[in-house]
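The values are calculated or read from the model by the stated rules, or taken from the named source; none is laboratory data. Just so we're clear, the structure is a prediction, and the values are computed from it rather than from any experiment. Here the Cβ positions follow ideal geometry from the backbone for every residue, glycine too, while neighbour counts run over all protein chains shown.
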Amino acid sequence: MSSLAGPSAPRPGEIAGVLRLLAFLLAAAALMVLDYRGGWLRAIRMQTEMLVQPLWHVAGLPARVGVTLRESAVSRGQLIDDNAKLRQTLLLTEARNARLRTVAAENTRLRGLLDSAERGRLDVQLAGVIDIDLASNRQRLVLDAGRSSGVRVGQPVIDAGGLMGQVISITPNTATVLLLTDPDHAVPVMVARSGVRLMVYGTGRTDALLLTDIPLSADVREGDELLTSGLGGRFPPGFAVGRVGALRADDSRAFLEADVKPAAQLDRGRDVLLLRGYAPAKVTP
């Protein structure tokens with residue numbers, strides 16, 4: 001029996017596979033011919049895309065929401081940073097404007113001081129205020145001029161409004177001023193309108209002096225201007241001290257008294273004037 005065999009017959013499974021392939025090829029060719037001639041496959045694709053489009057929209061929604069949230073977060077953070085910078089710029093501008101207003105006000109007060117000295121042909125020395133003590137029992141200023149600048153104990157101190165007080169102690173570089181409103185201070189005054197001589201005392205308040213022992217028959221009225229009388233030799237005559245308020249009977253009912261609004265700005269201003277060329281009587285601190 002020979003060991004060589006002839007070609008084997010095709011198996012039924014292989015024949016079926018070939019037939020299916022041929023059928024698919026024929027169907028594909030037929031579909032291509034029909035689509036080329038009538039375009040019906042293109043219409044089916046378009047209809048299918050229209051049906052599937054909502055699904056695509058829903059599928060892409062999470063991604064779009066994520067992008068929107070990221071953009072919103074970035075925009076909000078940027079707005080917060082921009083607002084913080086704008087607030088800082090606004091505060092800085094307001095601070096600069098406030099500083100300019102303060103400087104302008106100080107320049108105006110200083111100009112008033114110098115103008116009053118020039119109008120009165122006064123020999124004065126400008127000094128700056130470096131410390132204040134406005135307690136109810138102690139009304140004093142400390143100036144940045146002292147013995148080395150020619151300041152003397154007893155030297156009168158004024159501003160553009162009128163008399164402020166007198167120097168009571170000095171160091172080489174500073175001077176201490178006792179204000180008119182100190183409870184231990186008294187100033188001889190006269191009524192500018194009538195010439196009546198009286199005494200004004202400190203009250204411990206920067207906005208009020210006290211005019212006492214006014215005779216019932218004295219020609220003193222509310223609103224009268226009080227000037228230094230020059231008596232006692234402590235202050236030169238003619239400097240404004242204040243204006244008389246409402247008159248009232250004192251505790252004894254034998255005299256009148258009244259509050260006096262100081263002419264000088266005792267609680268404000270950074271500069272004062274020291275009178276020179278005047279030799280006041282010695283003052284005990």
Screening Gly195, Gly238, Gly223 for residues that are within 12 Å of Leu163 (Cβ to Cβ), assigned to a loop (DSSP other than H, G, I, E, B) and either without any contact (Cβ under 8 Å) to a residue 40 or more places away in the chain or not assigned by TED's automatic domain parsing to the domain that holds Leu179 (or both) leaves only Gly238
Apart from one, (1) crowded, with 17+ Cβ neighbours inside 10 Å; (2) of a type in the set (Lys, Arg); (3) within 35 Å of the chain's Cα centre (by Cα) all hold for Arg268; the odd one out is (1)
Among the candidates Val241, Val191, which residue alone is β-branched (Val, Ile, Thr), modelled with pLDDT of 95 or more, buried (at least 19 other Cβ atoms within 10 Å of the Cβ) and farther than 23 Å from Leu134 by Cα? Val191
Do you know which residues across the range 123-173 are part of a strand (DSSP E or B) and among the basic types (Lys, Arg)? Arg138, Arg140
